[in-house]
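The structure appears right after this line, and notes come after that.
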Ligand code: SAH
Ligand code: SF4
């Protein structure tokens with residue numbers, strides 16, 4: 001494992017992160033990470049655990065893995081020694097492999113992970129005062145081709161498994177040293193307190209795995225992140241939006257980014273399939289919509305493209321009646337990007353119009369820009385480091 005650092009000295013990576021084997025042969029033991037409780041129980045029974053014991057064993061193993069962060073069956077001391085051996089022969093507790101970790105001057109940490117098949121994916125931890133947000137990837141690359149997003153210039157390689165999604169949360173907790181220590185007083189301040197599905201990929205195109213992963217992450221006897229601290233961001237996969245409320249129950253963010261179909265078609269091409277009116281219809285029908293669970297409209301600020309006062313007024317008219325907050329994202333540039341960030345005064349004037357219409361309109365502070373960890377930049381640094389400049393220029397259409 002190599003490590004790249006910027007001025008802030010990173011906390012040491014725990015030995016655990018370096019030494020635990022993280023990949024399994026295809027015909028090897030079954031990885032338990034990412035199985036829902038029901039699937040874990042089924043796996044234990046299929047391996048020979050008597051059915052009448054399976055419920056209790058599931059609860060015990062679950063707590064070891066997700067509450068205590070244990071990776072070794074031998075350490076599961078409330079299980080009989082023979083049973084621990086039985087588990088170790090058939091199962092494993094494996095996370096994605098950390099290839100590099102970069103730490104930004106602002107404390108943001110970006111991890112490059114290697115998953116089965118040798119694919120690479122990134123996850124970003126953003127520390128804030130009294131909390132911290134983990135930005136998780138759901139796919140390697142993305143099948144969609146939003147013209148302002150660098151992930152969108154890469155071909156999708158594959159969906160992440162539920163285990164690879166949950167694994168991102170677990171390995172960041174490893175790195176931050178956030179697992180509870182037996183006997184120590186409970187620390188209520190959580191380093192990973194919030195989770196956003198805003199990394200690489202379109203989470204609603206990997207629905208089942210994302211749902212199962214979030215069930216594991218939300219479980220009160222394990223990682224225990226409340227559904228209200230999880231936000232799923234979608235570019236607008238209309239048929240899956242209601243399912244997200246019903247089957248996951250987390251908060252929703254929508255990458256809106258434009259106020260006319262002509263502009264949105266260009267920025268977020270999925271708009272050609274489900275246009276603004278269809279998307280807004282699905283949001284108005286969103287099963288969990290309420291003032292306490294408002295939808296976040298993400299709006300990337302692109303100089304001269306979607307950032308006029310007229311756009312701001314149109315946006316307010318379009319979303320009338322939807323409990324919403326508008327998150328303005330200053331465009332994060334990447335090599336060859338065909339857009340520029342709107343200047344600060346323009347973003348503030350835009351925010352003001354929305355705010356006066358009664359909506360919260362926070363301007364997102366770009367985090368981790370020096371390590372290419374900001375929204376829409378993921379994977380690009382890796383690609384840049386490894387591909388010849390000519391290939392990158394061609395990909396960016398230069
Ligand atoms: N695929 C999902 C989630 C990942 S993208 C989606 O599109 O919603 C997370 C957010 O970052 C989205 O709102 C996306 O539009 C935004 N984004 C992508 N590229 C960006 C860039 N270069 N600068 C700023 N925001 C960007
Ligand atoms: Fe995919 Fe989201 Fe990027 Fe669009 S913005 S290409 S949906 S990751």
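Residues that are away from ligand 1 (no atom under 13 Å from the Cβ), modelled with pLDDT of 50 or more, assigned by TED's automatic domain parsing to the domain that holds residue 234 and at positive phi: does the stretch 371-387 have at least one? For the stretch 371-387, residues away from ligand 1 (no atom under 13 Å from the Cβ), modelled with pLDDT of 50 or more, assigned by TED's automatic domain parsing to the domain that holds residue 234 and at positive phi: absent. The residue of the stretch 141-155 that is farthest from residue 255 (Cα to Cα), among those that are more than 8 Å from ligand 2 (Cβ to nearest atom) and surrounded by fewer than 18 Cβ atoms within 10 Å (Cβ to Cβ), is 155. If you check residue 131 against the conditions, is it closer than 14 Å to residue 161 by Cα, surrounded by fewer than 23 Cβ atoms within 10 Å (Cβ to Cβ), in contact with a strand residue (DSSP E or B) (Cβ under 8 Å, 6 or more places away or on another chain) and in the same structural domain as residue 196 (by TED's automatic domain parsing)? For residue 131, the condition - closer than 14 Å to residue 161 by Cα, surrounded by fewer than 23 Cβ atoms within 10 Å (Cβ to Cβ), in contact with a strand residue (DSSP E or B) (Cβ under 8 Å, 6 or more places away or on another chain) and in the same structural domain as residue 196 (by TED's automatic domain parsing) - is not met. Among the residues here, residue 225 does not qualify as within 16 Å of ligand 1 (Cβ to nearest atom) and not assigned by TED's automatic domain parsing to the domain that holds residue 70.
Out of the residues in the stretch 232-275 that are assigned to a helix (DSSP H, G or I) and more than 16 Å from ligand 2 (Cβ to nearest atom), which is farthest from residue 296 (Cα to Cα)? Across the stretch 232-275, the extreme among qualifying residues is 262.
Listed by position, the strands (runs of 3 or more DSSP E) contained in the stretch 69-153 that have at least 3 residues being within 16 Å of ligand 1 (Cβ to nearest atom) and touching a helix residue (DSSP H, G or I) at 6+ places or on another chain (Cβ under 8 Å) are 120-128. Within the stretch 287-303, if we keep just the residues that are touching a residue at least 12 places away in the same chain (Cβ under 8 Å) and surrounded by fewer than 19 Cβ atoms within 10 Å (Cβ to Cβ), the residue that is farthest from residue 241 (Cα to Cα) turns out to be 303.
A quick yes/no check of all residues on (1) in contact (Cβ under 8 Å) with a residue 40 or more places away in the chain; (2) within 16 Å of ligand 2 (Cβ to nearest atom):
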| residue | (1), (2) |
| --- | --- |
| 314 | yes, no |
| 317 | no, no |
| 323 | no, no |
| 327 | yes, yes |
| 336 | yes, yes |
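The values are calculated or read from the model by the stated rules, or taken from the named source; none is laboratory data. Values in this document were obtained by computation on a predicted structure and should not be read as measured data. Cβ coordinates were reconstructed from backbone atoms using ideal geometry, including for glycine residues, and neighbour counts include every protein chain displayed.
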